[in-house]
Amino acid sequence: MSKLRPARLRCAVCTATSEQLIAESESSFEPPDFDTRPGKPSRSSIIYWVQSCPDCGYCAHDISVAGEGTGEYVRHPLYQAFRGNRNFPPKATEFLCYAMILENSGLFSDAGWTALHAAWVCDDAKNADMAANCRRRAIDLWKEAKRNGQAIMDNDFEEFALVCDIHRRCQEWEEARTAANEGLECDNRPPIVEALFRRELALIDRRDAGLHNMAELRAARPA
Ligand SMILES: [Zn+2]
């Protein structure tokens, strides 16, 4: 478990103050999942990556800061209606609210990552349907990011690896296979990424939509 620091913050949208918990940054000892979710101990701190103002419902990484037009968007009935959505675990709803704000600001890549974080909260709540819903939302936002020239990761092969894993987790086998094959055609892909695509293709073949992490690749690597 990460160290938590309480902080009294003033909401940049409605000026209400509230107590928020901030996780001190901590490196992970365990390897990440195929979709980049960090291993322990920082794995459990993701719920502190988003804050929510209890008064107006503004959700952000830091609610004491807000971009231009954010206040108007937060007060919009559509945002307020989604804020009351009970289909997702409450923390997942906060991440999705934050994703809506980022999307409204044209930050589609960041919005996609935030939707993926919502999926991880749903995974922890064992809510597979809503986790898949959040992953599809992440994919849609990243498609919009690419249309707007925004990068999702540092390299094409990393993006294909991420998208492949997300489709696999949603049981979208053909989309996952296509992403893996496209990734295998990327130039300059390092051996670990090549091994990741081979592993993904094996998982796709046996219709495995479960969680897998990078330790599997290390174990499979020849000495
Ligand atoms: Zn507020």
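None of the figures in this text is laboratory data; all of them are computed from the coordinates on show. Since we're looking at a predicted model, the values are computed, not measured. Here the Cβ is made from the backbone with ideal geometry for all residues, glycine too, and neighbour counts use every protein chain on show.
Here are the numbers for the structure shown:
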quantity	calculated
Condition met for R83 (surrounded by 14 or more Cβ atoms within 10 Å (Cβ to Cβ), among the basic types (K, R) and touching a residue at least 12 places away in the same chain (Cβ under 8 Å))	yes
Number of positions in the range 198-217 that are closer than 14 Å to C170 by Cα, touching a residue at least 60 places away in the same chain (Cβ under 8 Å) and not in a loop (DSSP other than H, G, I, E, B)	1
Test: Q51 is within 16 Å of the ligand (Cβ to nearest atom), of a type outside the set (D, E) and touching a His at 6+ places or on another chain (Cβ under 8 Å)	yes
Check on A195, outside any loop (DSSP other than H, G, I, E, B), under 17 Å from D33 (Cα atoms) and not β-branched (V, I, T)	yes
Checking L96 against (1) in contact with a helix residue (DSSP H, G or I) (Cβ under 8 Å, 6 or more places away or on another chain); (2) surrounded by fewer than 23 Cβ atoms within 10 Å (Cβ to Cβ), the condition it does not meet	(2)
In the range 68-80, residue surrounded by the fewest Cβ atoms within 10 Å (Cβ to Cβ) [restricted to those that are within 15 Å of the ligand (Cβ to nearest atom) and free of Cβ contacts under 8 Å to residues at least 12 places away in the same chain]	E72
Index of the failed condition, D187 passing every other in (1) part of a helix (DSSP H, G or I); (2) more than 22 Å from the chain's Cα centre (by Cα)	(1)
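Residue by residue, here is whether (1) within 13 Å of the ligand (Cβ to nearest atom); (2) within 27 Å of V193 (Cα to Cα) holds:
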residue: Q20; (1), (2): yes, no
residue: S27; (1), (2): no, yes
residue: P32; (1), (2): no, yes
residue: R43; (1), (2): no, yes
residue: I47; (1), (2): no, no
residue: Y58; (1), (2): yes, no
residue: A66; (1), (2): yes, no
